[in-house]
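Each remark here refers to the structure printed beneath this line.
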Amino acid sequence: MFESLKPQPADKILMLMQTFRDDPRTDKIDLGVGVYKNAEGLTPVMRAVKAAEHRLWETQTTKTYVGLLGDPAYSDAMIDLVLGDAVPRASVAAAATPGGTGAVRQAFELIRYGNPEARVFVSDPTWPNHLSILNYLKMPVVTYRYFDAETGGVNFAGMMEDIAQARPGDVILLHGCCHNPTGANLNRVEWQAVIDSMLKTGALPMVDLAYQGFGDGLEADAEATRMVAAAMPETLIAASCSKNFGIYRERTGLLMAISADASKTPLARDTLAFLNRQNYSFPPDHGARVVTTILTDPVLRADWASELEETRLSMLNLRQQLADELRQQTGSDRFAFLAQHRGMFSRLGASPEKVEQLRADNGIYMVGDSRMNIAGLNSKTVPILARAIAQAGI
Ligand code: LMR
């Protein structure tokens, strides 16, 4: 049987991660995979995570199964973090998932199960794995215009035109904050217009929220998601703790299915449990328990929030430094958008050939579509990158 398997194209982001590891150059710069790195290039365990793990080690008496939806205390803590008081708790069905990707996958499964006809509208571009999973599940995909390469901002008129084509029950996949891969985001007024469009067409919003706290702050980054959930009859949210808690390998995510009609919640909850059972049975618990410990302890929560805020500010700082340096090196303002973008990523707007040239000549690794992980920089490498961009004539 194995000989009949079809070789699959390698995931571009993960392949780049390996190529970077294999590169013997000591001055190479990794702007590839979306992992936060500090000025020393390290991805340390956050202080509150260490403390919570220590506490768990001391107090946890069993590793027996929890439940198909995970620990309810984890869902409660995360619903509070993501949604605040935007919707009544009784309208939210939630399931712990293996990371944000697990939440995305389960959301797609839920859509396919509930409405096999549904088409999923995704931004052009979007996180490549959205497309890969949708294709794998054989779900119909429609792209909507999103990134304006000229301005480095959002092609909002194009987006509105495209999502207006949704039919009732189609799904509009939105990035709650810190758009991956472009870094370009909607403002509040634009979010409201997107909501109005979905209310008009009868489309179902699915929000991927993988970077809460990396853009404008923990509360500000949740604002759009909360607006959507409060306004729409039904909303799906895939939340990740990988980045904002720095627990990438613990695979900690949450899928929320919100209905304005709370009488639908029990069936949604049972379906999420069923889908978890079909795919992996019980979701991972360790990361979820760490997150719950942090979010429910005022001291740990404050420490976590302040370390996260430092992380966010350091990325903002790097953005500004890079935009300034590029202004100097190129004598133009055409990279000013880098300082306006939010989150880990920015799409530089370089051709795949130029991206390859930067890798070959300068050991600078960015994803082929010229997505850069800003957190891969530090104050020493910013001028190096800016010089290389200017020299390459990008
Ligand atoms: C990324 O976009 O780099 C991250 O979300 C990591 C991944 O799984 O692709």
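Per-structure values
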item: Residue selected from the range 161-173 under the condition surrounded by 15 or more Cβ atoms within 10 Å (Cβ to Cβ) and touching a helix residue (DSSP H, G or I) at 6+ places or on another chain (Cβ under 7 Å), by the criterion farthest from MET344 (Cα to Cα); result: ALA166
item: Matching residues, the range 1-50, being part of a loop (DSSP other than H, G, I, E, B), among the aliphatic types (A, V, I, L, M) and under 26 Å from ASN362 (Cα atoms); result: ALA10, LEU31, VAL33, VAL35, ALA39, LEU42
item: Cross-chain or 6+ apart pairs with Cβ under 9 Å, the range 372-394 first and at positive phi, then part of a helix (DSSP H, G or I); result: GLY393/LYS354
item: Count - residues of the range 111-147 that are closer than 18 Å to ALA203 by Cα, aliphatic (A, V, I, L, M) and away from the ligand (no atom under 16 Å from the Cβ); result: 6
item: Number of the exception - GLY41 against (1) away from the ligand (no atom under 16 Å from the Cβ); (2) at pLDDT below 95; (3) touching an Asp or Glu at 6+ places or on another chain (Cβ under 9 Å); (4) within 25 Å of GLY253 (Cβ to Cβ); result: (4)
item: Filtered residues of the range 1-60 (kept if at positive phi and either of a type in the set (Asp, Glu) or in contact with a Phe, Trp or Tyr (Cβ under 9 Å, 6 or more places away or on another chain) (or both)); result: none
item: Tabulated pairs, the range 5-33, first more than 18 Å from LEU385 (Cβ to Cβ) and touching a residue at least 60 places away in the same chain (Cβ under 8 Å), second of a type in the set (A, V, I, L, M) and surrounded by 15 or more Cβ atoms within 10 Å (Cβ to Cβ), C-beta under 8 angstrom, 6+ apart or interchain; result: LYS12/VAL367; ILE13/VAL33; ILE13/VAL367
item: Yes/no for THR62 being more than 22 Å from the chain's Cα centre (by Cα) and part of a loop (DSSP other than H, G, I, E, B); result: yes
item: Whichever residue in the range 209-268 is among the hydroxyl-bearing types (Ser, Thr, Tyr), away from the ligand (no atom under 16 Å from the Cβ) and surrounded by fewer than 24 Cβ atoms within 10 Å (Cβ to Cβ) and, among such residues, is farthest from ALA305 (Cα to Cα); result: SER263
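One line per residue, one yes/no per condition, for (1) assigned by TED's automatic domain parsing to the domain that holds LEU322; (2) touching a Ser or Thr at 6+ places or on another chain (Cβ under 7 Å); (3) within 12 Å of the ligand (Cβ to nearest atom):
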| position | (1), (2), (3) |
| --- | --- |
| SER4 | no, no, no |
| THR26 | yes, no, no |
| LEU31 | yes, no, yes |
| GLY34 | yes, no, yes |
| LYS37 | yes, yes, no |
| ALA52 | no, yes, no |
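The values are calculated or read from the model by the stated rules, or taken from the named source; none is laboratory data. None of the values given here were measured: they were computed from a predicted structure. Don't worry about glycine lacking a Cβ; one is built from the backbone with ideal geometry, like all the others, and counts go over all protein chains shown.
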